[in-house]
């Protein structure tokens, strides 16, 4: 499983605050005897939406978390502890040393809203101070999971069957996200998909090299000269200039490459079928010529020879058992046999 982190701007309201505990002795903060600094509420995730990290979280994914009994028990037991920062897993030692700032509760799985109880630890005091001072913070969801495809817009779809929410942390604006960010931690399944895609490209390029298939990429014809690991050497057909490209550079055009190779072999297959038909025609023509030659040589009617051969007779039997009659003989005046020179040169090979 892969660690998946996502961020959403934290716009919150203060449900209860230690600074106002004198206004209501019955408040939860007041009743906590100083262990709780504040209770805040805000959006923690967007069901059915795409995150800043270009990931799609379906409503089915959050419905699965809502039905997760172990997760619900943790939430009800106030055990979904979070912290300020990007630290990895939270260990028992971290908890013993007070390296946490809050716990999350009252999660609305349909809207993505939740409450955070800010605790009176050193880290909790830091978080409380930042929020009270108006510092823009982001709530960061941390979970394990894998991907199961992409949306039409190219966003990674998280797999509802493998996604396991761990906690919500608070961070400052990561700052390095752009329109299409590169994930810091890639999914194992995604890495496997990329590896399979690279292998497919290498195989296609090897086929193109061996079959000498020209590839048209971005309006330029190339010939594949060599495929060595992830390095593919290409030569421009017009200029003759060669260059080496990395296999990942062809991921966006792999479909075009596959189509070009497929069309090439489909064309070859069609040519082979045409040659088969042509060979049959040549064979029949050859038989006709032989029949005409035999008939003229022996003073026989050509139609008679052809029909007799179709019935199973041989040239030898016609010569030895032939009985002359008016219906099967004729006077040979002149015999014209097609010249082999009039036939395309490659047919000579098929004649032999």
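The values are calculated or read from the model by the stated rules, or taken from the named source; none is laboratory data. Treat the numbers as computed from the prediction; the structure is a model and nothing was measured. All Cβ positions, even for glycine, are placed from backbone atoms using ideal geometry, and neighbour counts span all protein chains on display.
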Going by the structure shown, is residue 281 surrounded by fewer than 14 Cβ atoms within 10 Å (Cβ to Cβ), modelled with pLDDT under 60 and either outside the structural domain of residue 209 (by TED's automatic domain parsing) or in contact with a strand residue (DSSP E or B) (Cβ under 8 Å, 6 or more places away or on another chain) (or both)?
no
(1) modelled with pLDDT of 80 or more; (2) within 21 Å of residue 212 (Cβ to Cβ) all hold for residue 294 apart from (2)
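Look at residue 139 and say whether it is modelled with pLDDT of 90 or more, closer than 20 Å to residue 12 by Cα and part of a strand (DSSP E or B).
Spelling it out, it is not the case that residue 139 is modelled with pLDDT of 90 or more, closer than 20 Å to residue 12 by Cα and part of a strand (DSSP E or B).
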Can you tell me which condition residue 120 does not meet? The list is (1) loosely packed, with under 13 Cβ neighbours inside 10 Å; (2) modelled with pLDDT of 90 or more; (3) within 24 Å of residue 17 (Cβ to Cβ), and all the others hold.
(1)
When you go through (1) over 20 Å from residue 170 (Cβ atoms); (2) surrounded by 12 or more Cβ atoms within 10 Å (Cβ to Cβ); (3) modelled with pLDDT under 85 one by one for residue 68, which number turns out not to apply?
(3)
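Here's a check for you: in the stretch 75-93, which residue that is in contact with a strand residue (DSSP E or B) (Cβ under 9 Å, 6 or more places away or on another chain) and not in a loop (DSSP other than H, G, I, E, B) is surrounded by the fewest Cβ atoms within 10 Å (Cβ to Cβ)? Outline the logic, then answer.
As a first pass, look at the stretch 75-93 and keep what is in contact with a strand residue (DSSP E or B) (Cβ under 9 Å, 6 or more places away or on another chain): 75-76, 78-90.
From what is left, the residues that are not in a loop (DSSP other than H, G, I, E, B) are 75-76, 81-82, 84.
Numbers: 75: 19, 76: 10, 81: 20, 82: 27, 84: 20.
Only one residue tops the list, namely 76.
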Take the residues in the stretch 94-112 that are closer than 19 Å to residue 171 by Cβ and part of a strand (DSSP E or B); name whichever of them is nearest to the chain's Cα centre (by Cα).
104
Out of (1) surrounded by 16 or more Cβ atoms within 10 Å (Cβ to Cβ); (2) out of contact with any strand residue (DSSP E or B) (no Cβ under 8 Å at 6 or more places or on another chain), the odd one out for residue 275 is which?
(1)
Are any residues in the stretch 95-105 out of contact with any helix residue (DSSP H, G or I) (no Cβ under 8 Å at 6 or more places or on another chain) and surrounded by fewer than 15 Cβ atoms within 10 Å (Cβ to Cβ), and if so, which ones?
95, 96, 97
Scope the stretch 228-248; condition surrounded by 12 or more Cβ atoms within 10 Å (Cβ to Cβ), without any contact (Cβ under 8 Å) to a residue 40 or more places away in the chain and either out of contact with any strand residue (DSSP E or B) (no Cβ under 8 Å at 6 or more places or on another chain) or more than 20 Å from residue 197 (Cα to Cα) (or both); matching residues:
235, 236, 237, 242
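Checking the condition over 30 Å from residue 138 (Cβ atoms), modelled with pLDDT of 85 or more and part of a helix (DSSP H, G or I), which residue from 249, 216, 225, 273 passes? Even if it seems obvious, please write down each step before you answer.
Values: 216 fails: part of a helix (DSSP H, G or I); 225 fails: part of a helix (DSSP H, G or I); 273 fails: modelled with pLDDT of 85 or more.
Criteria check complete, one pass: 249.
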